[in-house]
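**Q** Here you go, one structure.
The values are calculated or read from the model by the stated rules, or taken from the named source; none is laboratory data. In this text the structure is predicted, and so the values were computed from the model without any measurement. When we count neighbours, we look across all protein chains shown, and the Cβ atoms used for this are built from the backbone with ideal geometry, even at glycine. Areas reflect the complete protein model, heavy atoms only, side chains present, ligands, DNA and RNA absent. Shrake-Rupley method; radii C 1.70, N 1.55, O 1.52, S 1.80 Å.
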Amino acid sequence: MQEHPPPLPSWVLPIIKPGDHVETDQAALDASIQLAYESAKNQGGPFGAILTDAENRVISVGWNRVIEASDSTAHAEIEAIRNAQIRTETHNLSKPPNVPFTLYVSCEPCVMCFGAIYWSGLTRVVAAATAQQAEAIGFDEGPVTSGMWEAAKENKGIRFEHGTPTLDPQKPLQLYHANQGEIY
């Protein structure tokens with residue numbers, strides 16, 4: 001396993017970085033949307049994620065790097081989870097101090113990211129845009145159902161909810177679509 005997460009690009013730093021504090025769910029969701037928007041502006045995918053600890057301190061961030069990294073698993077959620085696991089030096093995010101951890105995402109997780117969340121030890125996921133909004137521009141989010149989230153809550157204690165950001169969660173998707181970003 002890596003010793004340190006990769007360095008953050010300069011466009012991420014004005015938005016949010018590990019160690020920053022977010023006061024509310026709304027502020028964290030807004031930051032995930034800003035990450036998604038800036039990612040789309042900088043040849044990344046239109047999705048962003050922020051992982052915080054029980055004290056609302058940012059542990060890690062992620063954005064879609066699928067095209068840039070030539071890696072179909074480089075989704076925002078997986079990047080944030082992977083970087084948090086490196087930072088906390090564990091594969092199980094239910095173990096370190098300052099749990100529980102919350103993952104804030106600019107859009108509902110796809111089926112692959114659902115699987116990563118399920119096994120990561122996270123106990124809460126808060127989403128802004130819906131999977132249907134991502135699918136409206138051509139993304140295939142896979143067969144994630146409300147029954148899967150219910151089973152995740154029952155089996156792993158993972159709560160999934162929609163938050164209410166002040167920023168429009170469709171803006172990153174619209175920008176990506178307008179720029180004719182590659183759909184993956």
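**Q** Taking region 139-170, which residues are open to solvent by 90 Å² or more (accessible area, probe 1.4 Å), of a type in the set (D, E, K, R) and within 16 Å of the chain's Cα centre (by Cα)?
**A** Arg159
**Q** In addition: What number of residues within region 94-120 satisfy the criterion of being modelled with pLDDT under 95 and over 21 Å from Ala27 (Cβ atoms)?
**A** The number of residues fulfilling the criteria is 4.
**Q** How many residues, within region 41-64, are on the phi < 0 side of the Ramachandran plot, open to solvent by 50 Å² or more (accessible area, probe 1.4 Å) and without any contact (Cβ under 8 Å) to a residue 60 or more places away in the chain?
**A** Here the count works out to 4.
Residue-by-condition table, conditions (1) at pLDDT 95 or above; (2) within 17 Å of Val125 (Cβ to Cβ); (3) among the hydroxyl-bearing types (Ser, Thr, Tyr):
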residue: Ser70; (1), (2), (3): yes, no, yes
residue: Ala76; (1), (2), (3): yes, yes, no
residue: Arg87; (1), (2), (3): no, no, no
residue: His91; (1), (2), (3): no, no, no
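**Q** A further question follows. Give just the number: which of (1) closer than 16 Å to Leu173 by Cβ; (2) open to solvent by 40 Å² or more (accessible area, probe 1.4 Å) does Thr73 not satisfy?
**A** With respect to (1) closer than 16 Å to Leu173 by Cβ; (2) open to solvent by 40 Å² or more (accessible area, probe 1.4 Å), Thr73 is out only on (1).
**Q** Which of the residues spanning region 91-136 are of a type outside the set (Gly, Ala, Ser) and part of a strand (DSSP E or B)?
**A** Those that are of a type outside the set (Gly, Ala, Ser) and part of a strand (DSSP E or B): Thr102, Leu103, Tyr104, Val105, Cys107, Arg124, Val125, Val126.
**Q** For region 65-87, indicate whether the set of residues that are free of Cβ contacts under 8 Å to residues at least 60 places away in the same chain and assigned to a strand (DSSP E or B) is non-empty.
**A** There is no residue in region 65-87 that is free of Cβ contacts under 8 Å to residues at least 60 places away in the same chain and assigned to a strand (DSSP E or B).
**Q** Would region 21-40 turn up any residue that is modelled with pLDDT of 95 or more, closer than 29 Å to Gly147 by Cβ, open to solvent by less than 60 Å² (accessible area, probe 1.4 Å) and in contact with a helix residue (DSSP H, G or I) (Cβ under 6 Å, 6 or more places away or on another chain)?
**A** Within region 21-40, one or more residues are modelled with pLDDT of 95 or more, closer than 29 Å to Gly147 by Cβ, open to solvent by less than 60 Å² (accessible area, probe 1.4 Å) and in contact with a helix residue (DSSP H, G or I) (Cβ under 6 Å, 6 or more places away or on another chain).
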